[in-house]
Each structure stands twice: as C-alpha cells, then as structure tokens.
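The values are calculated or read from the model by the stated rules, or taken from the named source; none is laboratory data. Keep in mind that this is a model prediction, so the values were computed, not measured. With ideal geometry, Cβ positions are generated from the backbone for all residues, glycine too; neighbour counts draw on all protein chains shown.
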C-alpha cells in the first residue's frame, strides 16, 4: 500500500506540506506546558525551559554587551 | 532504488552538515546546562528528517509522485536547507554559550587579577573574541542556502573553525580558573590585612589624641591652680 492510499486527501496534503522557519514564542511555552502530560520528550521542553526567539536575541545581545564591558 | 539514483543524492553534503551540526549541539548542550535550551536547531533537524523520509518513501516505491526524480531531488535540497539553518543556529548558540562560560569564570575576579593570571586575556583573547563575533555575524549575513555545494561546505567549515577557536579560548581560560581563584583569595587577604592595619592605626590615633588632650587638660588645671594660689 502506498502512502498516498493511506487516508483522505487532506492527510496526504498535510504530509507534503513545506516547513516554514519555526517561530518559538511565549505561546509555544504555554502550549508545551499545557500538553506536557501527554509529552514523552525532553523534561526541559515540557517544563518550558527553553528560549523563545525574542528571549534568545535578548540573551545573545546581553552576553555580547557584558563580554565587551568586562 | 538503483545505484544510479543513489549516486545523485548529495550524501557528502548532508553527512558533513549533519556531523558538524551534531558536534555543535552536543557542545552547546554540555556548556549551556544552566541556561535554557535553544530549540531552533532541533526543530530544523526534525524538518530535515521529514523531507528525508518523503524522498525515501518515493525512492523505494512506497509513495508515488508524478515527477519522481525531480521530487526526490527537491526533497534532498530541502534536507540540506534545513540542516544548513540548523547548523548556523547551533553554531550561534554555541558561540553565545562559550562567551557566557568565559564570563562566568572571569566575572568574579578583578581586572588586576585577570591581567596577572592570564596576561594575554586583554591583549589577545578578548579582542579576538570580539572580532570573532563580528566575523560570525558577517558569515550569517552572507548565508544563502541556494549556494553551490562547495561554497556552502566552505562556509560551514569556516564557521566550524571559528567556533573551535572560541572553544580553545574557553579551554585556556578554564585552565587558569584555579590560579584566578588563588590570586583573588590572596587579593582579598591583602585587602583584609590593609583594613585591619588601617583600623589599628585609627585606634592608636584616637588613643594619642585622648592622651594629648588629657595631658593638656592636666597641665592647664595645674597652671590654673598655681595662678589661683599666687
């Protein structure tokens, strides 16, 4: 059985969908916390211990600034 | 899948990117244990894996596509694109984590202490790390997934070398950690001794002032009693 025959057309379209660059926001953290009960992956991810894109930019800028200052 | 089709898959590019990426992620995770995780490289790897499975499904005939060869080629290009983005995100993360680790080591110590223990820190290490940050942002600005294979791998290897240079600086600073602590302790001891000496001097000055004042008072009282009796 080919993958194309596995289900409805909608699911096949979903399988072929392109991935755009992912955006990690505060909403991602809220969702990962909310869904953590069903999540068997990383404890860090399920407890929200990850940078959002904005936080990462700020962190990176802060470190560079602190490095230049010391 | 026949050998002819297999040979078209850009395995060298994919495997090189993947291996360099894994090394970056492992080091970044090791060093950044205290801080939060950066998920972008992991998400990009997941996307790369998905495209790889799509291509493989068509290759082995599990899935059917109209322009089979073109489809497979596109999927592998997308695998490279995602791995390339993952590599740059991971390398950037590792760069930030290395700088943070160096700061953690040197921050508790005075500039005098750093200068004495690591004489090259302010003359070579720090200026080079700041320059590396500029070089990294230059490479990131230039990054273009559509580049030809060699050019793309050249940039990956250039970035990889830069991050390795940063790691060497971190190792150097780390190797001086004990000496920095020892020097700071000595500095602290000297400061405490100086403070104690200053306090002792202060007390002696107070005693001298008190004694001088008392002697002057006694002499004045004596002279006054002499003057009254006369």
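Can you confirm whether residue B:30 is part of a helix (DSSP H, G or I) and surrounded by fewer than 17 Cβ atoms within 10 Å (Cβ to Cβ)?
yes
Of all residues in the range B:50-76, which are free of Cβ contacts under 8 Å to residues at least 12 places away in the same chain and assigned to a helix (DSSP H, G or I)?
B:50, B:53, B:56, B:57, B:68, B:70, B:74
State whether the residues of the range B:35-46 include one that is touching a helix residue (DSSP H, G or I) at 6+ places or on another chain (Cβ under 7 Å), more than 18 Å from residue A:49 (Cβ to Cβ), more than 9 Å from chain A (Cβ to nearest Cβ) and at pLDDT 90 or above.
Yes - at least one qualifying residue is present in the range B:35-46.
Give B:21, B:83 a once-over and let me know the one that is in contact (Cβ under 8 Å) with a residue 40 or more places away in the chain, within 24 Å of the chain's Cα centre (by Cα) and more than 13 Å from chain A (Cβ to nearest Cβ).
Residue meeting the stated conditions: B:21.
In the range B:33-49, what count of residues is obtained for those that are in a helix (DSSP H, G or I) and either under 22 Å from residue B:10 (Cα atoms) or free of Cβ contacts under 8 Å to residues at least 12 places away in the same chain (or both)?
Total meeting the criteria: 9.
Being in contact with a helix residue (DSSP H, G or I) (Cβ under 9 Å, 6 or more places away or on another chain) and either loosely packed, with under 14 Cβ neighbours inside 10 Å or modelled with pLDDT of 90 or more (or both) is true for just one of B:141, B:97, B:134. Which residue is that?
Being in contact with a helix residue (DSSP H, G or I) (Cβ under 9 Å, 6 or more places away or on another chain) and either loosely packed, with under 14 Cβ neighbours inside 10 Å or modelled with pLDDT of 90 or more (or both) holds for just one of B:141, B:97, B:134, which is B:97.
Would you be able to tell me the number of residues in the range A:13-39 that are at the interface with another protein chain (Cβ under 9 Å from one of its Cβ atoms) and not in a loop (DSSP other than H, G, I, E, B)?
Result for the range A:13-39: 2.
Within the range B:86-119, count every residue that is in contact (Cβ under 8 Å) with a residue 40 or more places away in the chain and outside any helix (DSSP H, G or I).
4
Considering only residues that are facing chain B (nearest Cβ under 7 Å) and in a loop (DSSP other than H, G, I, E, B), look in the range A:40-70 and name the one that is modelled with the highest pLDDT.
A:51
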